[in-house]
Amino acid sequence: MRVAFISRNTLFTVKGGDTVQIIKTAAFLEKLGVKVDIYTSSQKIDYSAYDILHGFNVIRPADLISHFKKFKKPKLLSTIYVDYSEFELMGREGILSSVFKLIGNDRTEYLKTFMRRIRNGEKSVDFEYFLRGHRGSLKKLIEHSNLLLPNSESEYKRLSKRYRIQKPYQVIPNAIDTSVFKKNYFSNETRSDLVISVARIDGIKNQLNLIRALRNTEFKLTLIGKPAPNHTKYYEQCQKEAGGNTTFITELEQEQLIQYYLKAKVHAMPSWFETTGLSSLEAAAMGCNLVISDRGDTTDYFGSNAFYAEPSDPQSIYKAVKMAAESPQNLSFREKIFTEYIWEKTAEKTLAAYNTCLKNPA
């Protein structure tokens with residue numbers, strides 16, 4: 001079996017959780033005998049060479065719809081459906097905030113696609129997107145898909161409700177790489193007062209309110225990640241408001257993160273939205289207690305195994321961090337991660353989905 005992965009143009013230049021998901025899914029499918037090639041949306045694909053087309057990021061239909069129209073064999077879509085609406089209403093600042101509040105979610109995504117084209121040189125693969133609009137293009141992309149592969153049941157329900165669609169789907173959870181985050185790396189020794197947050201510096205990740213929550217407190221905060229291209233002003237604001245207890249470290253490879261996960265008692269990610277929170281999974285596997293928000297699909301993964309904070313309220317974030325720091329490590333959840341949320345199982349479920357579509361291509 002040969003599969004083409006297709007995703008956004010900036011998949012490798014502006015790395016995110018989807019970058020990890022795509023690379024790891026491909027690598028572990030290869031171990032099962034599936035040949036996988038990864039393309040970004042502006043690249044040309046010899047469609048005749050592949051049995052399956054697997055797209056990622058339903059929120060970026062401009063990048064995918066042309067490929068899905070042209071490919072005549074089974075097409076699967078890992079939706080990774082991120083909803084920016086609350087962030088645009090409450091988390092974003094400046095003139096754009098007022099504009100986005102006025103025009104609504106789908107028109108906001110439409111405008112952002114134009115802005116990426118102008119500011120970053122990203123070119124939409126299919127001009128039809130600009131004629132059909134964001135909502136219409138997203139629904140058409142789903143229509144072209146044989147099977148949806150959300151990362152959780154919650155994700156599919158949100159997508160179905162928002163766009164009034166009913167489509168066959170199979171949940172494919174995100175995971176950790178046990179060859180990198182090894183079970184025997186764990187130590188239950190007393191950990192420091194270090195709080196870490198691993199993510200690109202981006203308004204939706206809410207590092208600024210995390211900084212405000214922990215500034216001049218008893219905790220040491222280390223932020224690991226580089227700013228997203230369109231969030232340099234946000235990064236500058238984070239640096240401006242950071243106290244002496246805050247350290248910034250640029251993007252690190254997964255292997256380099258291990259030392260920080262093992263030192264920290266708490267990993268904090270009070271995002272305005274997460275479909276999963278891959279770094280939270282990794283941190284919990286290495287023994288960190290988690291502070292997250294309940295926005296998005298986090299409760300499907302973490303349930304009662306995390307401390308929840310209100311992303312708009314620095315005091316709520318501080319209280320959640322303090323509770324996490326004073327609580328024992330969650331060894332049972334760590335065990336669950338190494339049992340259920342590993343890329344081997346993700347790849348097996350993905351391959352099963354491929355086989356289902358090949359047997360029933362309609």
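Of the candidates 124, 145, 85, 152, the single residue that is of a type in the set (S, T, N, Q), within 16 Å of residue 59 (Cβ to Cβ), buried (at least 17 other Cβ atoms within 10 Å of the Cβ) and modelled with pLDDT under 75 is 124.
Considering only residues of segment 259-275 that are part of a loop (DSSP other than H, G, I, E, B) and surrounded by fewer than 24 Cβ atoms within 10 Å (Cβ to Cβ), which is nearest to the chain's Cα centre (by Cα)? Step through it out loud before you land on a result.
Of segment 259-275, the ones part of a loop (DSSP other than H, G, I, E, B) are 264-265, 270-273, 275.
From the residues that got through so far, the ones that are surrounded by fewer than 24 Cβ atoms within 10 Å (Cβ to Cβ) too are 265, 273.
On the way: 265: 23, 273: 9 Å.
Checked segment 259-275; the qualifying residue nearest to the chain's Cα centre (by Cα) is 273.
Is it fair to say residue 201 is out of contact with any Asp or Glu (no Cβ under 7 Å at 6 or more places or on another chain) and surrounded by 17 or more Cβ atoms within 10 Å (Cβ to Cβ)? Answer is yes for this residue.
Scanning segment 54-82 for residues that are under 23 Å from residue 272 (Cβ atoms) and among the β-branched types (Val, Ile, Thr), we see that the one that is surrounded by the fewest Cβ atoms within 10 Å (Cβ to Cβ) is 59.
For residue 311, the conditions (1) more than 24 Å from residue 191 (Cα to Cα); (2) surrounded by fewer than 24 Cβ atoms within 10 Å (Cβ to Cβ) all hold with the exception of (2).
Residues checked against (1) assigned to a loop (DSSP other than H, G, I, E, B); (2) at pLDDT below 95; (3) in contact with a strand residue (DSSP E or B) (Cβ under 6 Å, 6 or more places away or on another chain); (4) among the basic types (Lys, Arg):
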{"position": "26", "(1), (2), (3), (4)": "no, no, yes, no"}
{"position": "43", "(1), (2), (3), (4)": "yes, yes, no, no"}
{"position": "48", "(1), (2), (3), (4)": "no, no, no, no"}
{"position": "55", "(1), (2), (3), (4)": "no, no, yes, no"}
{"position": "59", "(1), (2), (3), (4)": "yes, yes, no, no"}
{"position": "66", "(1), (2), (3), (4)": "no, yes, no, no"}
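You will find that of 298, 350, the residue that is assigned by TED's automatic domain parsing to the domain that holds residue 203, crowded, with 22+ Cβ neighbours inside 10 Å and hydroxyl-bearing (Ser, Thr, Tyr) is 298 and no other. Taking segment 325-355 as the range and being within 19 Å of the chain's Cα centre (by Cα) and not in a helix (DSSP H, G or I) as the test, the residues that pass are 341, 342.
Applying the selection to segment 200-219, what residues are assigned to a helix (DSSP H, G or I), over 21 Å from residue 16 (Cβ atoms) and of a type outside the set (Lys, Arg)? Hits for segment 200-219 are 213, 214. Screening residue 340 against (1) surrounded by 15 or more Cβ atoms within 10 Å (Cβ to Cβ); (2) under 30 Å from residue 3 (Cα atoms) leaves a single unmet condition, (1). Can you find a residue in segment 244-254 that is under 19 Å from residue 199 (Cα atoms), at pLDDT 95 or above and surrounded by fewer than 16 Cβ atoms within 10 Å (Cβ to Cβ)? Among the residues of segment 244-254, at least one is under 19 Å from residue 199 (Cα atoms), at pLDDT 95 or above and surrounded by fewer than 16 Cβ atoms within 10 Å (Cβ to Cβ), which makes the answer yes.
The values are calculated or read from the model by the stated rules, or taken from the named source; none is laboratory data. Given the structure is predicted, the values throughout are model-derived calculations rather than measurements. With ideal geometry, Cβ positions are generated from the backbone for all residues, glycine too; neighbour counts draw on all protein chains shown.
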